[in-house]
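Note sheet for the following structure.
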Amino acid sequence: MLFSGGRKYLGGMKTYLLVGLLLSGLSAWAQSGSFTVRGKLGSRTPPTQAYLVYPIAQTMKTDSAEVKKGRFTFKGSVPEPTLAYLFENRTNRRFYKIYLEPGVIKISSPDSILHASLSGTPLNVDQNRLLVLLRATTERRFNLLRDYRAASLKQHQDKAFEEAYDQRSKAVDTEQEALRKQFIQSHPQSQVSLEVLQEYGGLSLDPAEVGPLFDGLAPALRQSKAGQQYAARLAKARLLAVGAQAPDFTQNAPTGKPVKLSDFRGKYVLVDFWASWCKPCREENPNVVANYNQYQNRNFTVLGVSLDRVREAWLKAIEVDHLNWTQVSDLKFWQNEVAQLYDVQAVPQNLLIDPNGRIVAKNVRGEELGRKLVTLLPVTEP
């Protein structure tokens, strides 16, 4: 599990899914076997090391190979087709996705791995189609992040600079999402489409958006082990969709007193999943505090659910951030029982629940939270 909460911190649209997707979705797609990865880059490529990172038995394995005159080779064996990431060197943040599967996987480029084409095995042929489709937006995404990281502290403190970055970032995200959706719909038989759907859906599934895409996949793909796992997540997401009754829960406050979600029936309540160790959570807290202070006398409150595991750190963050609302936690980190009940895969996350206990909004943060509350709790004339 990872924290989320802003593409500035995690390097672009849904790249925080990297480890999770590597360790989850491809475990039953084909027979096991040996693989060979043969790379052929431009002859002027300087001598360096290439790195291949992939999961084996719930751990991440890193292999290295010398790049000599633009050529390199990896050999190994995987128990099933496995999504892997290829890095041209240790310092380069750019990676190249390939599938390790039986056969010879060919990577060819006139210069760097970034501009390479894939061939040689079925999954990699499909993966190459996806990479070609996304290449222009991927380049724009990298350039955007490069410029952002290179900006001065003064620029980062400029609200106009941050807003401009967010707008450009969202534009790239929107275009990439449309392209991923296009790939899924045009390749319903491809096993790559299921991995793309996991990335497209993100860590907080919107069943109205991803449900039809999953239903459009080939029956064999939906019935695979990975497909069944995704179907289970989708079924849970439907139970937690906007308009659904929020599942009740009980967890202890710092005093040890049990607190139920249903204790807040009759009010709008923001169930806020956070943690003291989560930087985006801490940066969002002032916004939650401001909205709480503005609306606490207008039938609104907040219920914080912490994914902390160190009690002292949790309590200190509550004090330092002035979180003057009810807080609960079982101090089980990612195994927090409420987080598991609500399929929380990243923090910060939240749900806005109406006085009748129904979910009316999800993941409303920043200015969006204030806009939502003002529509639900308008100022009434005396």
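The values are calculated or read from the model by the stated rules, or taken from the named source; none is laboratory data. Because the structure is predicted, anything quoted here is derived from the model rather than measured. Cβ sites come from the backbone with ideal geometry, for glycine too, and all protein chains shown count toward neighbours. When the accessible area is computed, the model is the full protein with side chains, heavy atoms only, and any ligands, DNA or RNA have been set aside. Shrake-Rupley method; radii C 1.70, N 1.55, O 1.52, S 1.80 Å.
Maximal additional length on extending the residue 218-residue 171 stretch stands at 13.8 nm, based on 0.36 nm per residue less the C-alpha distance. If you bin every alpha carbon distance in the stretch 126-265 into 10 Å steps from zero, what whole percent lands in each bin? Whole-percent P(r) values from 0 Å outward: 10, 27, 24, 22, 16, 1. Remark: the residue 340-residue 301 segment gains 11.8 nm on full extension, using 0.36 nm per residue and subtracting the alpha carbon distance. Inter-label distance, residue 143 to residue 263: 5.4 nm, where each label sits 7 Å from its Cα along the C-beta direction.
A helix-only calculation puts the chain at -12000 deg cm²/dmol for mean residue ellipticity at 222 nm, using -39500 (n - 2.57) for each DSSP H run of at least four residues, averaged over all residues. When the accessible area of the chain is computed with all protein chains present and a 1.4 Å probe, what percentage of it is carbon and sulfur? Here carbon and sulfur together make up 51 percent of the probe-accessible area. Compactness ratio for the stretch 251-310: Cα radius of gyration over 2.2 N^0.38 Å (N = residue count) comes to 1.19. Round to the nearest 10 and give me the degree value, 0 to 90, for the angle of helix 311-320's Cα axis relative to the longest principal axis of the chain. With rounding to tens, the tilt is 70 degrees. Counting every pair of alpha carbons in the chain, the share spaced more than 39 Å apart comes to 25 percent. The orientation-averaged shadow of the Cα convex hull for the stretch 278-333, equal to a quarter of the hull surface, comes to 3.7 nm². Peptide packing for 96-104, 294-302 was compared via the average number of neighbouring C-beta atoms within 10 Å per residue; ordered from the highest value, the list is 96-104, 294-302. Each semi-axis of the equivalent ellipsoid for the stretch 183-315 is √(5λ) with λ an eigenvalue of the Cα gyration tensor; in descending order they amount to 37, 17, 15 Å. Computed across the stretch 299-380, the Kirkwood hydrodynamic radius from all distinct Cα-Cα pairs reaches 14.2 Å. Can you work out the FRET efficiency for the pair residue 250 and residue 158, with r the C-beta to C-beta distance and R0 = 35 Å, to the nearest 0.05? Rounded to the nearest 0.05, the efficiency is 0.15.
Here the Karplus relation 6.51 cos²θ - 1.76 cosθ + 1.60, evaluated at θ = phi - 60°, turns the backbone of the stretch 51-57 into coupling constants of 10, 10, 10, 7, x, 9, 6 Hz, with x for every Gly and Pro. For the stretch 167-227, a Kirkwood radius taken over Cα pairs fed into Stokes-Einstein (20 °C, viscosity 1.002 mPa s) yields D = 179 µm²/s. Taken per residue, the accessible surface of the chain reaches 49 Å², heavy atoms only and a 1.4 Å probe. With R₀ fixed at 51 Å, the C-beta to C-beta distance from residue 377 to residue 57 puts the FRET efficiency at about 0.50. With the cut-off at 19 Å, tell me which of the pairs 61/332; 40/69; 40/68; 316/372 have Cα atoms farther apart than that. Long pairs (Cα-Cα over 19 Å): 61/332; 316/372.
Using the Cα coordinates of the stretch 151-191, the gyration tensor eigenvalues translate into equivalent-ellipsoid semi-axes of 35, 9, 4 Å, sorted from longest to shortest. Per residue, the average separation of C-alpha pairs within less than 8 Å and at least 6 apart gives the chain a relative contact order of 14 percent. Across the stretch 32-113, the mean sequence separation of Cα contacts (distance under 8 Å, 6 or more residues apart), normalised by length, yields a relative contact order of 42 percent.
Using only alpha carbons, the stretch 217-294 has a radius of gyration to Kirkwood radius ratio (Rg to Rh) of 1.11. Dipole magnitude for the stretch 202-255: computed about the Cα centre from +1 point charges on Lys and Arg Cβ and -1 point charges on Asp and Glu Cβ, it is near 220 debye.
Per residue, the convex hull spanned by the Cα atoms of the stretch 81-144 amounts to 88 cubic angstrom. Between the amide H of residue 119 and those of 106, distances stay under 5 Å, these residues lying 5 or more places away or on another chain, with hydrogens modeled in the peptide plane. Seen against the Cα atoms of the chain and their longest principal axis, helix 367-376 is set at about 40 degrees. Applied to the stretch 289-306, the Karplus parametrisation 6.51 cos²θ - 1.76 cosθ + 1.60 on θ = phi - 60° returns per-residue 3J(HN,Hα) values of 4, 4, 6, 4, 5, 6, 10, 5, 9, 10, 6, 9, 8, 10, 10, x, 10, 8 Hz, with x for Gly and Pro.
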